[in-house]
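Note sheet for the following structure.
The values are calculated or read from the model by the stated rules, or taken from the named source; none is laboratory data. All of these numbers come straight from a predicted model, not from anything done at the bench. Cβ sites come from the backbone with ideal geometry, for glycine too, and all protein chains shown count toward neighbours. Areas reflect the complete protein model, heavy atoms only, side chains present, ligands, DNA and RNA absent. Shrake-Rupley method; radii C 1.70, N 1.55, O 1.52, S 1.80 Å.
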Amino acid sequence: MKRLFGTDGMRGEAGVFPLDIATIRTVGASLAQRLKQKLGRAPLIVIGRDTRESGEWVEQALVAGLTGVGAESKSAGVITTPGVAFLARTLPADAGVVISASHNAYRDNGIKIFAPSARKLDEETERLIETDVFAQRESLPNHNDHSLENVTEDIGEAADLRSRYLDFLANQIGKELSLRGLRLVLDCANGAASDLAPQLFERLGADVTTINNNPDGRNINLGCGSLHTEALQSEVVKQKASLGVAFDGDADRALFVDANGRLVNGDSSLWILARYLHARHMLTDNTVVATVMSNIGLELALRSQGIRLVRTDVGDKYVLEELLRLGASLGGEQSGHIIFPHLSLAGDGLITTLSLLRAITEENKELHKLTEGFQVFPQILVNVQVKVKRPFADVPAIQKTAREIETVLGSEGRLLLRYSGTEPLARVMIEGKHQVEIEKYAAELAGAIQQTLGA
């Protein structure tokens, strides 16, 4: 059976399996039924969506499935992914469902399900939902019902739910944080943060300029937000702002721009936040969790401060699992997805921004000053098309070349060799002090892969 749920929920082109109306209905019905069996009662589900034009009908299909088996649903309307996770935890609800494809283009959409803890739904329940979906398709192979009852959104209830989340951010995460005198530029990616972000930072006293906050259903992530920061970098310099913030479509991640227009990515954010927490004895076990994609420069910089970097596979799901296993207090990805488990188990771009602004104001330093001490090492990534994905350890020529390169790199370089999860590609990533050297090593290893496994 093909898996529908990946590390970040179920995602695809809106209107095409598994994001077609019939399948979404089945997902809703299955989720409600599985929860009903566990709880012994009808479950309550809170739902939110981003600004894609497909969001409303996807939500209507989901609600039809949920209510068809007796579940109760509440809609927060357009809200960030971590906003739904917060509501699932605090209402409390029995699950939270986000309708979003995050940083993807508008044609895509997705379904992400949170447990009441704000962790993503457990894999066992995801597999059961997948079983129900494929059983439905087998029993009704030609079923392609596109009809939908018009579900009227309770505008007042949705506004109240969003206000609860905004109050939490301002009154708890932003408690005693004054942003008076700070000029911020926010790029909301024409997504879920378009209304929430400017409200939040203005409420805390900042002078806010907002760009890309006029969603039309099709412009989410389009040449803007955390994927395309050029306009934000230009606007920060033009406005002579203290810093800029770039969110993605569902605002679970944030990247920053300093007053000079320079991009500050997730690795730099981890460096700033780790030192801030470490200086205040708030960095549990002096440990930061990141993924295999974080630059070795971050690892070396943290080590110089007596801080350990623990790496996981790519994906915030794996970062969170490791954070909880270690009891650590800070983790994240180079993409700007940062997690503070004591504040929220979901990565939250707004919480990340508030935390960074707290470091800036308490340290009384500009953003570019706080990034000092972290040197980004040159990196090269080479893709090699392969005929078969044999374990690299089973290919002597590849193993020999990789070991020789790792020996030369020593503690001041890094080699990561892995297969693409979706394409017939081997990925060679090398970091080191000198660009020319790592290009040479990458070419050598790519050549060994091409000779032994190449298409």
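Could you tell me the center-to-center distance, by alpha carbons, between segment 199-271 and segment 83-98 in angstrom?
Spelled out, the Cα-based centre of one part sits 26 Å from the other.
For segment 47-101, what is the relative contact order in percent, using Cα pairs closer than 8 Å and at least 6 residues apart in sequence?
Over segment 47-101, the number comes to 52 percent.
Out of residues 5 or more away from Asp248 or on other chains, whose amide H comes under 5 Å of its own, with H placed 1.01 Å from N in the peptide plane?
Those qualifying (amide H under 5 Å, at least 5 residues apart or on another chain) are Ser226, Arg253.
Between their Cα atoms, which of Lys112/Lys317; Lys317/Lys387; Lys240/Lys369; Lys240/Lys365; Lys400/Lys440 are more than 18 Å away from each other?
Distance filter (> 18 Å) returns Lys317/Lys387.
For the chain, calculate the relative contact order in percent as a whole number, restricting contacts to Cα pairs under 8 Å that are 6 or more residues apart.
About 12 percent, as a whole number.
Once you sort the root eigenvalues of the Cα gyration tensor of segment 30-189 as a ≥ b ≥ c, which label holds: rounded (a/c under 1.5), prolate (a/b larger than b/c) or oblate (the other case)?
Cα axes put segment 30-189 in the prolate bin.
Heavy atoms only, 1.4 Å probe, whole protein assembly: order Thr209, Thr284 by accessible area, highest first.
Result of the area sort, largest leading: Thr284, Thr209.
Quote the charge dipole size of segment 249-379 about the Cα centre in Debye, to the nearest 20; the model charges only the Cβ of Lys and Arg (+1) and of Asp and Glu (-1).
In debye, rounded to 20, segment 249-379 gives about 320.
Lys and Arg at +1, Asp and Glu at -1: add these up for the other residues within a Cβ distance under 14 Å of Val384 and post the number.
It works out to a net charge of +3.
Could you rank His281, His342 by how accessible they are, 1.4 Å probe, largest area first? Don't jump to the answer; show the numbers that get you there.
Numbers: His281 175, His342 115 Å².
From most accessible down to least: His281, His342.
Using a basic spin-label model with each label point 7 Å from the Cα along Cα→Cβ, how many nm lie between Val408 and Ala159?
That separation, rounded to one decimal, is 6.5 nm.
Sort out the exposed loop GluC sites (Glu not before Pro) in the chain (DSSP loop, at most 13 other Cβ within 10 Å) and tell me the longest stretch that has none.
With a cap of 13 other Cβ atoms within 10 Å, the longest stretch comes to 177-371.
Going 7 Å from the Cα of Glu53 in the Cα-to-Cβ direction, what parts of segment 204-219 have a backbone nitrogen less than 16 Å from that spot?
Label zone hits: 215-219.
Under the definition of Cα pairs under 8 Å and six or more residues apart, what whole-number percent is the relative contact order of segment 102-241?
25 percent
Could you size up the charge dipole of segment 53-124 around its Cα centre, putting +1 on the beta carbon of Lys and Arg and -1 on that of Asp and Glu, and report it in debye to the nearest 20?
220 debye
Wrap a convex hull around the Cα atoms of segment 349-428, take a quarter of its surface area, and give that in square nanometres.
8.4 nm²
In debye, nearest 20: dipole of segment 1-138 around its Cα centre with unit charges on the Cβ of K, R (+) and D, E (-)?
Roughly 280 debye, rounded to the nearest 20.
Please state the shape class of segment 243-327: rounded when a/c is under 1.5, otherwise prolate if a/b exceeds b/c and oblate if not, all from the C-alpha gyration tensor.
Taking the square roots of the gyration eigenvalues as a ≥ b ≥ c, segment 243-327 is oblate.
From the mean inverse distance of alpha carbon pairs (Kirkwood) and the Cα radius of gyration, derive Rg over Rh for segment 1-120.
Taking Rg over the Kirkwood Rh, I get 0.93.
What's the local net charge at Gly297, with K and R +1, D and E -1, over the other residues with C-beta under 9 Å away?
Charge balance in the 9 Å sphere: -3.
Segment 260-312: which trypsin sites (Lys or Arg not before Pro) are DSSP loop and have at most 12 other beta-carbon atoms within 10 angstrom?
Numbers: sites: Arg262, Arg275, Arg280, Arg303, Arg308, Arg311; in loops: Arg262, Arg280.
Here the sparse-neighbourhood loop sites are Arg280.
Report the chymotrypsin sites (Phe, Trp or Tyr not before Pro) located in segment 365-426 that are in a DSSP loop and have at most 10 other Cβ atoms inside 10 Å of their Cβ, or state none.
Counting only loop positions with at most 10 other Cβ atoms within 10 Å, none of the chymotrypsin sites (Phe, Trp or Tyr not before Pro) in segment 365-426 qualifies.
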